[in-house]
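Data first, discussion second: the structure below is written as structure tokens.
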Amino acid sequence: MNSTTTWQSDDQCPACGAHLIEISGPSSDRVIQQCRACAWSVTWAAPQLVLTAAQSDCLTDMATDAIAYRRAAATGCPHCRQAPAADCPEHSPDHAQIESYRQLVADLTSTGGER
């Protein structure tokens, strides 16, 4: 499934002055700005983030600390001991956040940095 993200920009349409809508996909290398009022449109290359090795290491360390903090919340929880933390009503948000941290690190460290 390839979903796109759409949001209203603060930029104004050069043709009619209405606010522009920006459209981007999850792995898109471009951003489309378009005006829904007059159908004006332009496509831009999306900015690429490149981390240095030091930034990549720092990001990994921060995520490791954050994951340990989130995991500590479930320590001693009887629900988490019997089933995965994702199934625990109290700690499932922590589990979801841990997965988000892991995905962010994977996305940012695999975009072509020095690592």
Problem - Output for segment 48-95, where each listed residue is surrounded by 13 or more Cβ atoms within 10 Å (Cβ to Cβ), over 24 Å from the mean Cα position of the chain (by Cα) and assigned to a helix (DSSP H, G or I) - result: H79, C80
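Okay, residues lined up against (1) among the β-branched types (V, I, T); (2) modelled with pLDDT of 80 or more; (3) in contact with a helix residue (DSSP H, G or I) (Cβ under 8 Å, 6 or more places away or on another chain):
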site	(1), (2), (3)
P84	no, no, yes
E90	no, yes, yes
I98	yes, yes, yes
L104	no, yes, yes
L108	no, no, yes
Practice task
Mind listing just one residue for me: the one in segment 33-47 that is assigned to a strand (DSSP E or B) and either open to solvent by 60 Å² or more (accessible area, probe 1.4 Å) or modelled with pLDDT of 90 or more (or both) and, of those, nearest to H19 (Cα to Cα)?
Solution key: Q34
Exercise for the section: Inspect all residues belonging to segment 46-63 and state whether any of them is within 30 Å of A15 (Cβ to Cβ), touching a Lys or Arg at 6+ places or on another chain (Cβ under 6 Å) and without any contact (Cβ under 8 Å) to a residue 60 or more places away in the chain. Expected result: yes
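The values are calculated or read from the model by the stated rules, or taken from the named source; none is laboratory data. On a predicted model such as this, the values are computed, not experimentally measured, just so you know. We place every Cβ from the backbone using ideal geometry, glycine too, and count neighbours over all the protein chains shown. Keep in mind that these areas ignore ligands, DNA and RNA; they rest on the heavy atoms of the full protein, side chains included. Shrake-Rupley method; radii C 1.70, N 1.55, O 1.52, S 1.80 Å.
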